[in-house]
Amino acid sequence: MNHDLSNLTQDALRRIAQTADLRALDDIRVAILGKSGTLTGILKSLGALDPDARRALGAAVNEAKTSLTQALDDKRAALQAAALDAKLAQERIDISLPARPDAQGSIHPISRTIEELTAIFGAMGFTVKEGPDIEDDWYNFSALNIPSHHPARAMMDTFYISSTSNVPPVLRTQTSPMQIRTMLAEPPPIRIIVPGRTYRADHDATHSPMFHQCEGLVIDRGITLGHLKGCLSDFLRVYFDNPSLPVRFRASYFPFTEPSMEVDIGWSRKTGEIGKGDDWLEILGSGMVHPRVLANCGIDPSIYQGFAFGMGIERITMLKHGINDLRLFYESDLRWLRHYGFSPLAPANFHEGL
Ligand code: DAH
């Protein structure tokens, strides 16, 4: 009997060692230790033996049971660990791969310019604000010192939204209303840029009914024309990547600034090269915020001064990248976007170079 037990144990241990999956292992367990398992059968037969023989065989059967149970447990743990390893290996994600190695899309040149404006003005301490495309007449015109019968209103080819009000809302013709919204919402010091969509009823190779502007506003004590000139010269030289870009400030007129200035950069009319030649190219409008505009927003012009500026985003993008037809920006032609678009993996910032 002892001999049979030792054979049975050896045989079972060998089968356990050779088993490669959990189900087969459980079959072995049932065959040995289950209700009608072989070892269980021997245990049951002990009752029929005389006490001495029962004691001797009983001890041996218990020992065999302990070692087989241990072997089954160890094997189960090993198979479970191997199964987990296999699963992990199968579900492994290679995080060393680039996020989008075959990026199909590209950043639209307009979005790229907005990123660049954000990076450049951000470095000068400006924050970015956005405002509504549909504006009240007051924000778009009156508060900006453009009264009802002012010629500037007629010049702007405004889209009016149909309404029962006798002063209908408009699609904003400029980003300047955000000057008003900002000054009403927060006390000085203010230093913001506002990139966004603007609308005018105008359509040809250089005008689109929807286009983009970027407004700028600085309000603080003791702000002078010197700050305006320094800020905009720095901006233009960084944006056009030319530290000696000629910049000229030319007296002009805007209802919401006094004095007002058009800003020109040097270029060659003949070759189109920026920063070369003897010609001037108008690039943006600017000026010292009109005292009446400050007063309209509850800011005391004898305490606070400021400057504002506004530029066309399409225009500065076309000049920088040699794009000659404005309409192409909005046609969603994939060949054009592939050519003029920017990699999503190269966001505009000073570390990457603009
Ligand atoms: N809002 C003007 C336009 O649409 C641009 C502009 C000019 C904005 C001078 C300004 C400014 O803030 O100071 O033509």
Tell me, what is the per residue accessible area of the chain in Å², probe radius 1.4 Å?
-> 55
Accessible-area order for 340, 199, largest to smallest, probe 1.4 angstrom, reads 340, 199
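Determine the dipole magnitude for the chain: charges of +1 sit on the beta-carbon of Lys and Arg, -1 on that of Asp and Glu, nothing else is charged, the reference point is the Cα centre, and the result goes in debye to the nearest 20. Each step should come with its number before you reach the end.
Values: 36 positive and 42 negative charges, 147 e Å.
Computed about the Cα centre, the dipole is about 700 debye.
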Which whole-number percent is the relative contact order of the stretch 109-340 (Cα, under 8 Å, 6+ apart)?
-> 20
Among 106, 163, 67, which one shows the biggest mean-square fluctuation in a GNM of the chain, springs joining Cα atoms closer than 10 Å?
-> 67
Viscosity 1.306 mPa s, temperature 10 °C: Stokes-Einstein D of the stretch 109-340 from its Kirkwood Cα radius, in µm² per second?
-> 86
Table column - 3J(HN,Hα) (Hz), the stretch 340-348, Karplus curve with 6.51, -1.76, 1.60, x for Gly and Pro = 9, x, 10, 5, x, 8, 10, x, 6
Would you be so kind as to identify which of 189, 296, 127 lies farthest towards the positive end of the dipole of the chain, taking Lys and Arg as +1 and Asp and Glu as -1 on Cβ and the Cα centre as origin?
-> 127
Taking springs between alpha-carbon atoms closer than 10 angstrom, which of 94, 204, 133 fluctuates most in the Gaussian network model of the chain?
-> 94
Sort 19, 118 from largest to smallest accessible area, using a 1.4 Å probe on the heavy atoms of the protein chains.
-> 118, 19
Tell me which aspartates and glutamates have Cα within less than 13 Å of residue 229's Cα, excluding those fewer than 8 residues away on the same chain?
-> 262, 264
Distance between Cα centroids, the stretch 291-352 to the stretch 177-196: provide it in whole Å.
-> 17
If the cut-off is a Cα-Cα distance under 25 Å, which lysines reach residue 270, setting aside same-chain residues fewer than 8 apart in sequence?
-> 320
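Report the relative contact order of the stretch 254-323, percent, no decimals, based on alpha-carbon pairs under 8 angstrom and at least 6 residues apart. Walk me through the intermediate numbers first.
Details: 106 pairs, mean separation 20.4, N = 70.
Computed value for the stretch 254-323: 29 percent relative contact order.
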Before rounding to the nearest 500, sum -39500 (n - 2.57) across all DSSP H runs of length at least 4 in the chain and divide by the residue total; then give [θ] at 222 nm in deg cm²/dmol.
-> -13000 deg cm²/dmol
Rounded to the nearest 10 Å², the accessible area of residue 181 at probe 1.4 Å | 70
Scan around residue 290 for amide H atoms under 5 Å from its own, H built in the peptide plane at 1.01 Å from N, and keep only partners 5 or more places away or cross-chain.
-> 257, 258
Quick one: pull the percent of accessible area on the stretch 2-90 belonging to carbon and sulfur, 1.4 Å probe, ligands and nucleic acids left out.
-> 55
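Taking every pair of Cα atoms in the stretch 1-84, average 1/r, invert it to obtain the Kirkwood radius, and report Rg/Rh to two decimals.
That ratio is 1.04, to two decimals.
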Straight-distance crosslink candidates among lysines, where the alpha carbon sits under 27 Å from residue 44 and sequence neighbours closer than 8 are dropped | 35, 65, 75
In whole Å, what are the Cα extents of the stretch 124-200 along the three principal axes, biggest one first?
-> 40, 23, 21
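The values are calculated or read from the model by the stated rules, or taken from the named source; none is laboratory data. Bear in mind the structure is a predicted one, so any value in this text is a computation, not a measurement. All Cβ positions, even for glycine, are placed from backbone atoms using ideal geometry, and neighbour counts span all protein chains on display. The area values use the complete protein model at the heavy-atom level, side chains included, leaving out ligands, DNA and RNA. Shrake-Rupley method; radii C 1.70, N 1.55, O 1.52, S 1.80 Å.
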